[in-house]
Structure formats: structure tokens, C-alpha cells
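What follows is a set of notes on a single structure, which appears directly below.
The values are calculated or read from the model by the stated rules, or taken from the named source; none is laboratory data. The model shown is predicted, which means the values in this text are computed figures rather than measured ones. As a convention, Cβ positions derive from the backbone with ideal geometry for all residues, glycine included, and neighbour counts pool all protein chains shown.
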2 protein chains.
Amino acid sequence: MSQVTCDLTISIDGFAAGPNQSLTEPLGEGGELMHRWQFEEPESNAAEREGILAAGAYIMGRNMFAGPGPGAWAEEWRGWWGEEPPYHAPVFVLTHHRREPLEMQGGTTFNFVTDGIESALAQAREAAGSKDVAVAGGAQTVRQFLSAGLIDELRLHIAPILLGAGERLLDGVANLTLEPTEVSGTSLVTHVRYRVIR
Amino acid sequence: MSQVTCDLTISIDGFAAGPNQSLTEPLGEGGELMHRWQFEEPESNAAEREGILAAGAYIMGRNMFAGPGPGAWAEEWRGWWGEEPPYHAPVFVLTHHRREPLEMQGGTTFNFVTDGIESALAQAREAAGSKDVAVAGGAQTVRQFLSAGLIDELRLHIAPILLGAGERLLDGVANLTLEPTEVSGTSLVTHVRYRVIR
């Protein structure tokens with residue numbers, strides 16, 4: 001059965017992004033270093049990288065699409081990923097500001113959802129068909145979905161670095177019971193797959 | 001070559017102890033739940049449990065020996081572990097208050113060190129001979145040793161529960177570079193062995 005998954009890379013001290021996120025450092029200071037496992041060891045981590053991009057539809061927070069700071073859309077903003085984003089599937093962006101769907105190359109369409117996470121999930125499920133729906137981030141959005149009990153599998157990729165400050169993934173999430181079902185790793189990352197217990 | 005090791009069980013949100021540590025709840029509220037892997041799955045986690053108790057000498061903070069709160073010794077206090085503590089080796093307790101060594105049954109002797117962590121480590125190395133020295137806890141003591149670059153191997157046992165509050169293991173530790181060398185686990189714990197990079 002299709003499920004709702006969430007892949008997230010965090011530091012060993014629990015941060016999903018470093019401090020002072022900005023347009024030039026969207027993952028905050030030091031945040032990019034957490035992702036060395038994806039860029040320096042693509043083959044050793046092939047299964048995990050494929051898992052991240054195997055969903056039939058994605059959900060992301062406004063900041064993950066548009067960078068930090070609230071406010072209406074700069075209509076020319078087309079995401080961080082260039083003209084062919086890696087999703088190759090519908091992406092549902094949570095926002096308070098309406099915007100027409102944005103069709104990119106390679107099958108990615110950004111759809112803007114203004115009526116909340118349950119609506120985004122329903123639309124993503126519909127779009128994904130028999131495939132999984134993935135909550136892509138950022139941390140605040142993941143926390144919302146975890147707190148609402150809407151995620152079935154949390155896949156943490158724990159980078160062996162300390163950020164010391166930034167945005168913690170799990171702060172304020174309550175009533176979450178997890179069961180690790182699989183662990184693996186390399187010298188740059190520890191992968192832990194958690195099933196959310198209902 | 002013998003090394004300085006540290007085994008610590010933490011929650012998935014990074015706490016080594018829950019909030020409100022007290023004489024009746026020395027690990028804080030919810031803290032005991034992190035240790036289910038030791039008590040409910042002793043056989044599946046046999047290697048890790050043996051690893052915790054394989055050192056030739058131990059170092060611990062005052063609170064781990066005596067419970068929360070500063071002040072001079074209540075001389076009748078003989079630790080949390082009954083008359084035969086599980087260490088079966090010399091234990092060096094960091095404190096500001098002098099006290100005569102306390103010999104327990106089964107080879108454990110608590111020695112009280114008032115001149116700092118370097119001195120405790122030198123004494124523990126001497127006592128351990130060719131065996132490892134283990135920093136047993138609590139979190140504050142581990143942070144001191146990590147920050148001073150005195151630990152060679154950090155073995156985290158990550159319990160799949162959220163504590164939400166309490167004492168974080170890694171807060172304020174700087175200049176720490178780690179490399180995961182081994183991962184394993186069960187449904188109650190994820191074991192990650194980290195080598196500290198110098």
C-alpha cells in the first residue's frame with residue numbers, strides 16, 4: 001500500500017538546517033556540509049538517494065520552495081532547482097499566497113496549496129496514484145505532518161557533524177512513537193528508517 | 001592500543017536525561033524508557049551491553065554517582081547500584097568535595113577526584129592498565145571530555161523516543177568531528193559507533 005514518507009538529513013545534534021538561513025545559504029551556515037553523503041558518495045548511498053526521489057508526489061513548505069521570509073510571491077521565482085527540478089512529479093507547496101501552477105521541465109509541476117496540510121495531502125495522494133507521497137521538507141513542515149500523525153515512515157540521514165544552532169527537526173513534536181526498522185551507513189552518514197507507530 | 005570510550009543512551013531528540021531529575025527519577029521524567037533496550041532485549045544487544053562494561057576503569061560525574069544537587073557528601077551515600085555495582089573496576093568520581101575511597105563488593109572502588117578531568121583521566125589510565133578507560137556519564141561530564149578532545153570513541157545508543165525536554169548531550173560542544181564506523185540496532189535502539197577525528 002502506498003504510504004506517506006519523509007526523508008530528512010539532520011546533524012548529529014538534531015538540526016535540519018544551520019543558523020542564518022538566507023538566499024545564498026538556504027540550508028543555513030554549515031547546513032550544506034550535512035549533505036556530503038549525497039554528493040561525495042552517490043554510489044554507496046544509491047538506494048537512499050533513489051528512495052528520496054521515488055515518490056509519486058511531493059509536499060513542501062513555502063520556505064523550501066521560496067527561501068526564508070514571509071510575504072507574497074516574487075512571481076519570477078521558480079524554485080531553487082533550475083528549470084528541471086529533480087522531482088519529476090507534482091509538488092504541492094504549502095503557502096498563504098495564491099499562485100497559478102508552475103510547470104517545469106521533466107514532469108515537475110509546482111502547485112500552490114493555500115488551505116492547509118490535510119488538503120495538500122489529499123491532493124498529493126490523488127496525484128501520486130499507487131505511489132508514495134513524500135513530505136520533502138523543510139523542518140517546520142515535517143514537524144506539522146508528524147504532529148498531525150500524517151507520516152508513516154520517517155527516514156533520517158544523520159550526518160556526523162555538529163551544527164550547534166539552527167532549526168531542530170523534532171522540537172515541539174509530541175505524541176510520536178517510532179520504531180527503527182533498518183539501519184545502514186557510511187563514514188559520512190547514518191541512515192535510520194523509522195516506522196511511525198499509531 | 002587502549003582508548004578512551006564513552007557509551008551513552010540518548011533519545012532521538014538528543015537528550016541524555018529527561019526533565020526534572022530527582023532522587024526517585026535519576027534519569028529525569030521519561031528517561032528510564034530510553035533504556036528498554038538494555039532490560040527487554042539483553043540478548044539482541046549483548047555485544048553493546050558487554051562493551052559498556054569492558055573497560056578497565058571508569059570516570060563519572062558527581063551527579064551520576066550522587067544524584068542531582070551540589071554540596072558536600074552525605075557520607076552514607078554509596079551510589080545508585082547497591083553493594084555490588086556493575087563496574088567491577090576502579091571508578092573515578094569528579095567532585096569538588098574530598099572523600100575517602102569507597103570500596104564496594106565485586107571489585108568496584110569509587111575514588112573521588114577533586115583536581116579536574118585531566119587528573120581523573122591520568123589516574124584512570126594508570127588503573128586500567130592495557131584496558132580502555134570509559135567515561136560513564138552523565139551528559140555534562142561527557143561534554144567536558146568531548147570538548148577537551150579526550151574521547152577516542154563515542155558509542156551512541158539512540159532510543160526511538162522523544163523526551164521533548166531535559167539535558168541535551170551535545171549542546172555547546174564545539175570542534176568535534178566524528179566518523180561513524182559501525183551501525184546496528186533493534187526495534188528499541190540504534191547503535192552508532194563514532195570515531196573522534198583529531
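A few notes on this one:
- Every condition in (1) touching a helix residue (DSSP H, G or I) at 6+ places or on another chain (Cβ under 8 Å); (2) not in a loop (DSSP other than H, G, I, E, B); (3) not polar (S, T, N, Q) holds for B:Trp77 except the one numbered (2).
Okay, residues lined up against (1) within 14 Å of A:Ala66 (Cβ to Cβ); (2) small (Gly, Ala, Ser); (3) over 17 Å from the mean Cα position of the chain (by Cα); (4) at pLDDT 95 or above:
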| position | (1), (2), (3), (4) |
| --- | --- |
| A:His96 | yes, no, yes, no |
| A:Gly107 | no, yes, yes, yes |
| A:Phe110 | yes, no, no, yes |
| A:Asp115 | no, no, yes, yes |
| A:Glu118 | no, no, no, yes |
| A:Ala122 | no, yes, yes, yes |
| A:Glu126 | no, no, yes, yes |
| A:Gly129 | no, yes, yes, yes |
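- Of all residues in the stretch A:47-64, one or more are free of Cβ contacts under 8 Å to residues at least 12 places away in the same chain, acidic (Asp, Glu) and either within 14 Å of chain B (Cβ to nearest Cβ) or closer than 29 Å to A:Ser187 by Cβ (or both).
- Strands (runs of 3 or more DSSP E) within the stretch A:86-198 that include 1 or more residues facing another protein chain (nearest Cβ under 10 Å) and surrounded by fewer than 22 Cβ atoms within 10 Å (Cβ to Cβ): A:177-186, A:189-197
- Of the residues making up the stretch A:3-30, those that are within 14 Å of the chain's Cα centre (by Cα) and under 26 Å from B:Leu146 (Cβ atoms) are A:Leu8, A:Thr9, A:Ile10, A:Phe15, A:Ala16, A:Ala17, A:Leu27.
- Test result for B:Arg49, of a type in the set (D, E, K, R) and closer than 23 Å to B:Asp152 by Cα: yes
- Output for the stretch A:57-78, where each listed residue is of a type outside the set (A, V, I, L, M, F, W, C) and under 14 Å from the mean Cα position of the chain (by Cα): A:Tyr58, A:Gly61, A:Arg62, A:Asn63, A:Gly67
- Any hit, the stretch B:41-52, residues being within 15 Å of the chain's Cα centre (by Cα), in a loop (DSSP other than H, G, I, E, B) and at negative phi: no
- Considering only residues in the stretch A:1-23 that are in a strand (DSSP E or B) and in contact with a Pro (Cβ under 9 Å, 6 or more places away or on another chain), the one that is nearest to the other protein chains (Cβ to nearest Cβ) turns out to be A:Ser11.
- Residue match in the stretch A:37-53 (condition: surrounded by 15 or more Cβ atoms within 10 Å (Cβ to Cβ), over 25 Å from A:Ala165 (Cα atoms) and of a type in the set (A, V, I, L, M, F, W, C)): yes
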